[in-house]
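The values are calculated or read from the model by the stated rules, or taken from the named source; none is laboratory data. Remember, predicted model here, so these are calculated numbers, not experimental data. So basically every Cβ, Gly included, is an ideal-geometry build from the backbone, and we count neighbours across all protein chains shown. For the accessible areas, the whole protein counts, side chains as well, though only heavy atoms, and no ligand, DNA or RNA atoms are used. Shrake-Rupley method; radii C 1.70, N 1.55, O 1.52, S 1.80 Å.
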Amino acid sequence: MLVKLTAARVIDPAHDVNDVVRDLYARDGRIVAAPGASERVDREYDAAGMIAMAGAIDLHTHIGGGKVNLARALVPDLNRREILRATAVASACAGGPAPSTLAAGYRYAAMGYTACFEPAMLPSNARQAHMEMGDTPIVDRGAYALLGNDDFLLRSLAVGADQRAINDYVAWTLHAAQALGIKVVNAGGISAFKFNARTLDVDEPHPHYRVSPRRVIASLARAVHELGVPHPLHVHASNLGVPGNADSTLATIAAAEGFPIHLTHLQFHSYGTEGERKFSSAALRIAEAVNAAPNVSLDVGQVIFGQTVTASGDSPLQYRNARHASPRKSVIMDIECDAGCGVVPFRYRDRDFVNALQWAIGLELFLLVRDPWRIFLTTDHPNGGPFTSYPHLIKLLMRREFRNEKLAAIHPEAAAMSALKDIAREYSLYEIAIMTRAAPARILGLADRGHLGAGAAADIVVYAPHDDPEIMFAAPRYVFKDGELVAERGEVKQVTRGSVHTVKPEFDRGIERQLAGYFARYQTMSLESFGIGADELAELSLARELITHACRSR
């Protein structure tokens, strides 16, 4: 079937196209060049005067895995307060700060998102994570496997394993978990928590393995790079949320030793200790470091005022945060001695000094980091706020007057300490398209996503222009997934299945002999039962297609 979008104003940064009027065509799920004059168009949509972009991509959103289910179970009362209105195919699906699998897919699609990536999949829990993401309709998905607190890696580093062995283990993990990348959360710190340590800074030795976070980060960043995995090591740095943690963040950048590194939810890692309250913004220091380091990319983890639920693999952090829970309940747990997690409901308040300054710090990072190809729009859903707040966040970035109105309404001391009022920058539609489409596709290695060139997946979003960007981005006129109309004017019209994205770097299978002995002695499942094969993944994920992306030769 041939679909035509007529006279759209195309914004496609991957091809340096900025507001050029043209027709778009899609056939069999792919964007195609203009057909011959004799070829019949099956469906035509009038896009005259409207803005067309590729489907948006969220490279960091917690939509699958054990802690997400814990969050859903912990706050059913909060989820029930918000109901996704009925549509032609979706009725009464719970929303809230921890939406169900169905609600997540519907809401993302209704906003123009066509791909979402879970950033913290524990390899031993990968089956459940893939099954949960498989229950999330319409959008493409994938996940980053967690390493850096696992006993096998820390043991290997402690006995001086060479880099080739670390590379083989990382590659094996990607295969076994069917992952797209590697994530490290508070390197070594979650493991140290189990040995009664409450913090572990970048250069502190682990109390048991005597391995520092710096060494964990250096070895994993190098492994990911040398294996040719497109997405750099995805790093949740040490001391999240701690005043003065900007020093740890800068040390983490140095720990990568020039290898590519992606710093995630960086707002939570950009704090100083200035002022009477010993809590201040270090966004300028961090932004200057990022601007000077082309090997570094980041997503922000913007705080949005209101109720949410925080769900993190950083169990020491959540142990500290549990006393601030709202409502007062929490879950802190260990997972297979290889990771941990904590779930704590939380309400961000604009008249609270700390929350208000966190909000300002996130916006400062967005506006001070110069390259939109290296900074990504996230709230660390649901930790900084639900992903449904993205249209509001886009308005804050595009409209300085609106941003300053909100700044004037927050805690006055926080507003006075922020540099936000002096920053004149406003994002353009072209820059929004970079940070939400072209750049995520490029950094994840999704060659056929994030752009509107011939051969790309026909993930197309058409927006009716509006003076208010929040209105424009909240309810696109049309959303096409693989060439099929799935949403219109903010309502889901058709439920489809997205694809699953993975990488499969080459490695020496000899690592499996070492792992077999380790699994037999220490793990609760056998090595043979641990890995997920392609047939099993297809069954778990209900995917339209299983897509393995090429690893680059180094």
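Structure data summary
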item	result
Qualifying positions in region 122-172 - within 23 Å of residue 520 (Cβ to Cβ), out of contact with any Gly (no Cβ under 8 Å at 6 or more places or on another chain) and not hydrophobic (A, V, I, L, M, F, W, C)	123, 124, 127, 150, 151, 155, 156, 169
Residue 270 vs. criteria open to solvent by less than 50 Å² (accessible area, probe 1.4 Å) and touching a Gly at 6+ places or on another chain (Cβ under 6 Å)	no
Check on residue 113, at pLDDT 95 or above, farther than 15 Å from residue 543 by Cα and open to solvent by 10 Å² or more (accessible area, probe 1.4 Å)	yes
Qualifying position, being of a type in the set (Gly, Ala, Ser), at pLDDT 95 or above and in contact with a Gly (Cβ under 7 Å, 6 or more places away or on another chain), among 340, 384	384
Those strands (runs of 3 or more DSSP E) lying entirely in region 9-48 with at least 3 residues open to solvent by less than 70 Å² (accessible area, probe 1.4 Å), free of Cβ contacts under 8 Å to residues at least 24 places away in the same chain and of a type in the set (Asp, Glu)	none
Residue in region 283-297 that is crowded, with 17+ Cβ neighbours inside 10 Å, in a loop (DSSP other than H, G, I, E, B) and in contact with an Asp or Glu (Cβ under 7 Å, 6 or more places away or on another chain) present	no
In region 360-416, the residues that are of a type in the set (Phe, Trp, Tyr), surrounded by fewer than 20 Cβ atoms within 10 Å (Cβ to Cβ) and in contact (Cβ under 8 Å) with a residue 12 or more places away in the chain	373
Region 417-430: number of residues that are open to solvent by less than 10 Å² (accessible area, probe 1.4 Å) and either assigned to a helix (DSSP H, G or I) or closer than 30 Å to residue 142 by Cα (or both)	2
Number of the condition not met by residue 433 [criteria: (1) crowded, with 24+ Cβ neighbours inside 10 Å; (2) touching a Lys or Arg at 6+ places or on another chain (Cβ under 7 Å)]	(2)
